[in-house]
1. Need the full-extension length gain, HIS74 to ARG57, defined as separation in residues times 0.36 nm minus the C-alpha distance. One decimal, nm.
2. Taking N as the number of residues in the range 19-125, what is its alpha-carbon radius of gyration divided by 2.2 N^0.38 Å?
3. Sort the following peptides by mean Cβ neighbour count (other Cβ atoms within 10 Å, averaged over residues), highest first: 129-139, 92-102, 68-78.
4. With axes computed from alpha carbons, what is the tilt in degrees of helix 40-59 against the longest principal axis of the chain, rounded to the nearest 10 within 0 to 90?
5. What number, rounded to the nearest 500 deg cm²/dmol, is the helix-based mean residue ellipticity at 222 nm of the chain, given -39500 (n - 2.57) per DSSP H run of at least four residues and division by all its residues?
6. Determine the principal axes of the Cα atoms in the range 91-142, then give the extent along each, sorted from largest to smallest and rounded to whole angstroms.
7. Using a Förster radius of 41 Å, what is the FRET efficiency between GLU138 and THR25 based on their Cβ-Cβ separation? Nearest 0.05, please.
8. Contour minus end-to-end for ALA35 and VAL66, with contour as 0.36 nm per residue of separation and end-to-end as the Cα-Cα distance?
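Derivation of every value follows stated rules applied to the coordinates shown; laboratory data play no part. Computed from a predicted model, the values in this text were never measured in an experiment. Neighbour counts run over all protein chains shown; Cβ positions are idealised from the backbone, glycine included.
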Amino acid sequence: MTEAQSAGDRAEAQPTDRGPPVIRTIAMPADTNPAGDIFGGWLMAQMDLAAGNVAARRSRGRCATVAVDAITFHHPVFVGDEVSLYAWLVQVGRSSLRIQVEVWRRERASEATMKVTEATFTFVAIGDDRRPRAVPPEVVGR
């Protein structure tokens with residue numbers, strides 16, 4: 001029995017309607033907390049990177065994280081797991097962008113996947129002066 005199975009985890013189908021993951025990485029021993037599981041702060045940092053990538057592409061420039069809402073840790077991540085982060089826009093304001101992020105894990109020796117973490121990130125587009133700027137109109141055909 002694997003660690004994930006012993007923790008009572010159930011396999012879920014990784015999303016297919018969102019395109020490829022924004023980030024895919026491997027959880028490494030240096031990313032563990034004192035209990036030996038992957039540190040929640042490492043997952044949050046990966047989520048911020050994924051959301052920031054989506055925000056920068058849509059705003060066509062620099063963005064800053066201003067809020068993280070409703071982060072939920074559903075299951076642990078273990079050393080060696082493949083971690084896939086999906087991120088997509090849920091709202092665009094004058095200068096702000098809200099981005100939903102889901103994190104999925106796959107055991108190294110299995111095809112079974114499960115959602116482990118999710119949150120909504122809010123970014124503000126900023127200019128060279130580091131002050132908020134308007135998000136440009138969406139480019140047609142994107």
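1. Values: separation 17, 0.36 × 17 = 6.12 nm, distance 2.86 nm.
Here the segment from HIS74 to ARG57 would lengthen by 3.3 nm.
2. Numbers: Rg = 14.0 Å, N = 107, 2.2 N^0.38 = 13.0 Å.
Output field value: 1.08.
3. Taking the mean over residues of other Cβ atoms within 10 Å, the ranking is 92-102, 68-78, 129-139.
4. 30 degrees
5. -5000 deg cm²/dmol
6. 47, 27, 18
7. Efficiency at R0 = 41 Å is approximately 0.90.
8. On the way: separation 31, 0.36 × 31 = 11.16 nm, distance 3.01 nm.
The ALA35-VAL66 span can extend by a further 8.1 nm.
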